[in-house]
Amino acid sequence: MILSGHDLTIGYAEHVVGSGLDVALSTGEVLALLGPNGGGKTTLLKTLLGLLAPQAGEVQLDGKPLSFYSSRERARLIAYVPQSHFTTFAFSVEAIVLMGRTAHSTLFGRPSAADRAVAARALERFGIAHLRERPYTMISGGERQLALLARALAQEPQFIVLDEPTASLDFGNQGRVLREIQALKASGHGVLFTTHDPNHALRAADRVYLLRQGMRIAEGASSAILDRAQLEALYGAPVELINDRDGVRTAFLPG
């Protein structure tokens with residue numbers, strides 16, 4: 001199965017953010033979207049999700065226009081984890097994760113035993129089972145992000161789209177999320193995530209898509225595309241390349 005955008009023009013009302021964009025994600029692969037702030041990453045994500053209509057071009061899912069699918073059908077196929085999420089209601093962490101099961105049941109139906117089992121596995125997978133009864137409003141920002149990731153997993157989609165999934169996480173939990181991205185790929189999911197850290201893309205993504213001022217400046221295998229020259233062109237800033245003793249690329253740092 002493939003989620004794809006063809007010759008997309010993206011933006012809001014009369015404000016065009018990007019144009020001429022072609023992007024595709026298959027199940028069983030990871031695609032990282034990199035670019036500076038304001039470059040169009042989140043707008044492109046929302047267009048691929050159907051949250052924003054393209055101003056031109058078309059988004060397709062499994063070869064059919066995204067509009068062919070009902071919102072419930074899309075939710076069974078694509079899960080979205082936003083960069084931040086706030087609620088004024090003190091739902092428990094378990095209740096937040098169970099919301100991922102609404103795509104498989106009626107909106108106001110009670111969660112089944114099977115739904116609760118799926119949610120429990122997702123909580124365990126992200127190491128937050130001990131928080132299941134805690135109010136979502138009373139946990140840290142990093143813990144909320146892990147809860148949203150668990151909710152997406154409980155949705156049991158084919159594709160998972162994540163907007164800067166490691167932005168509010170500490171060093172250890174960043175590693176946990178990157179490992180989970182690879183595990184999702186191994187289990188057949190397609191994963192698209194945005195990041196400001198090329199090291200995360202190099203570690204977790206098969207391919208990268210570099211977006212600057214609404215234009216694609218490069219796309220391809222992570223190991224081939226991510227180099228000092230490309231990153232300096234992308235961010236308009238110096239980049240330091242750290243190598244190990246054998247000259248193997250290991251890390252990029254701001255110059």
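The values are calculated or read from the model by the stated rules, or taken from the named source; none is laboratory data. In this text the structure is predicted, and so the values were computed from the model without any measurement. When we count neighbours, we look across all protein chains shown, and the Cβ atoms used for this are built from the backbone with ideal geometry, even at glycine.
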Just need a number here: residues in the range 18-64 that are assigned to a loop (DSSP other than H, G, I, E, B), without any contact (Cβ under 8 Å) to a residue 40 or more places away in the chain and crowded, with 17+ Cβ neighbours inside 10 Å. 1
Exception for L231 within (1) more than 28 Å from M1 (Cβ to Cβ); (2) out of contact with any helix residue (DSSP H, G or I) (no Cβ under 8 Å at 6 or more places or on another chain) falls at (2)
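So, in the range 182-201, of the ones that are over 23 Å from V239 (Cβ atoms) and touching a Lys or Arg at 6+ places or on another chain (Cβ under 9 Å), which residue ends up modelled with the lowest pLDDT?
A183
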Matching residues, the range 141-164, being in a loop (DSSP other than H, G, I, E, B) and closer than 21 Å to L61 by Cβ: Q155, E156, P157, Q158, D163
Filter the range 145-204 down to the residues that are of a type in the set (F, W, Y) and in contact (Cβ under 8 Å) with a residue 60 or more places away in the chain, then identify the one that is surrounded by the most Cβ atoms within 10 Å (Cβ to Cβ). F193
Can you tell me which residues in the range 65-82 are assigned to a helix (DSSP H, G or I) and among the hydrophobic types (A, V, I, L, M, F, W, C)? L66, F68, A75, L77
When residues of the range 211-252 are filtered for being outside any loop (DSSP other than H, G, I, E, B), within 23 Å of the chain's Cα centre (by Cα) and either of a type in the set (D, E, K, R) or farther than 17 Å from E29 by Cα (or both), how many remain? 13
